[in-house]
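S.K.: I'd like to ask you about the structure that follows.
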Amino acid sequence: MKKIKFEKDIKIILNDKILDELKTCVKNSQPNEACGLIFGDIKEIVRAGEYYYQYIGKKFNCIESDKKSPVSFLIDNIEKLNEVFQDAAQKQNLRLISIFHSHPAGAYPSGVDTRNMKYLDNCGNNAFRNQIWTIMDAHNHELNGFIYFNEEFMQVGLEIVKD
Ligand SMILES: [Zn+2]
């Protein structure tokens with residue numbers, strides 16, 4: 001696989017409670033891929049003329065699916081998902097910050113993933129623009145974040161904090 005650029009100015013911050021929920025979601029979905037949505041806030045910080053983006057996770061929804069590839073299921077049901085987003089936005093003032101899924105081994109985007117990332121960025125629904133894709137290795141629970149930003153794939157920073 002082509003080496004992915006690391007963008008340290010973009011970071012996703014999750015608390016240990018959400019991390020546990022991601023692991024449980026992965027465990028319950030086996031042998032299939034797990035999939036879910038992380039809601040929260042996106043903070044833009046300007047420091048010495050530089051822009052930093054913090055994606056702060058506050059809530060995780062594990063999507064129960066019997067599909068082998070729930071991410072494709074998600075992409076095929078964008079209209080339905082839009083209702084979930086509206087609900088989170090109106091009731092809890094949270095926005096979608098990350099699309100989560102697992103791989104049986106490895107925590108890097110597949111060819112299908114990068115195609116989907118590009119597709120969602122261009123699909124015209126702003127809720128899906130500049131999302132961080134979080135991918136977890138189902139075996140060792142390694143977790144990475146990726147973004148498609150300015151027509152480029154990048155790995156982003158990840159920080160786990162105490163709840
Ligand atoms: Zn994948």
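The values are calculated or read from the model by the stated rules, or taken from the named source; none is laboratory data. These figures come from a predicted structure and were not determined experimentally. Neighbour counts are summed over all protein chains in view; Cβ atoms, including those assigned to glycine, are modelled from backbone coordinates with ideal geometry. Keep in mind that these areas ignore ligands, DNA and RNA; they rest on the heavy atoms of the full protein, side chains included. Shrake-Rupley method; radii C 1.70, N 1.55, O 1.52, S 1.80 Å.
S.K.: May I ask you to say which residue of E151, E79, E142 is of a type in the set (D, E, K, R), open to solvent by 20 Å² or more (accessible area, probe 1.4 Å) and under 16 Å from V26 (Cα atoms)?
M.R.: E142
S.K.: Exactly one of these conditions fails for M136: (1) part of a strand (DSSP E or B); (2) under 27 Å from D20 (Cβ atoms); (3) open to solvent by 70 Å² or more (accessible area, probe 1.4 Å); (4) not polar (S, T, N, Q). Give me its number.
M.R.: All conditions are met except number (3).
A quick yes/no check of all residues on (1) in contact with a helix residue (DSSP H, G or I) (Cβ under 9 Å, 6 or more places away or on another chain); (2) modelled with pLDDT under 95:
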residue	(1), (2)
E79	no, yes
V84	no, yes
Q90	no, yes
L94	yes, yes
H141	yes, no
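S.K.: Output the residues belonging to the range 105-127 that are near the ligand (Cβ under 10 Å from one of its atoms) and open to solvent by 60 Å² or more (accessible area, probe 1.4 Å).
M.R.: Y108, V112 - these are the residues of the range 105-127 that are near the ligand (Cβ under 10 Å from one of its atoms) and open to solvent by 60 Å² or more (accessible area, probe 1.4 Å).
S.K.: Which of the residues belonging to the range 18-45 are closer than 25 Å to Q86 by Cβ and of a type outside the set (D, E)?
M.R.: Residues satisfying the conditions are I18, L22, C25, A34, C35, G36, L37, I38, F39, G40, I42, K43.
S.K.: Just checking, how many residues over the range 86-101 are within 12 Å of L37 (Cα to Cα) and either assigned to a strand (DSSP E or B) or open to solvent by 100 Å² or more (accessible area, probe 1.4 Å) (or both)?
M.R.: 7
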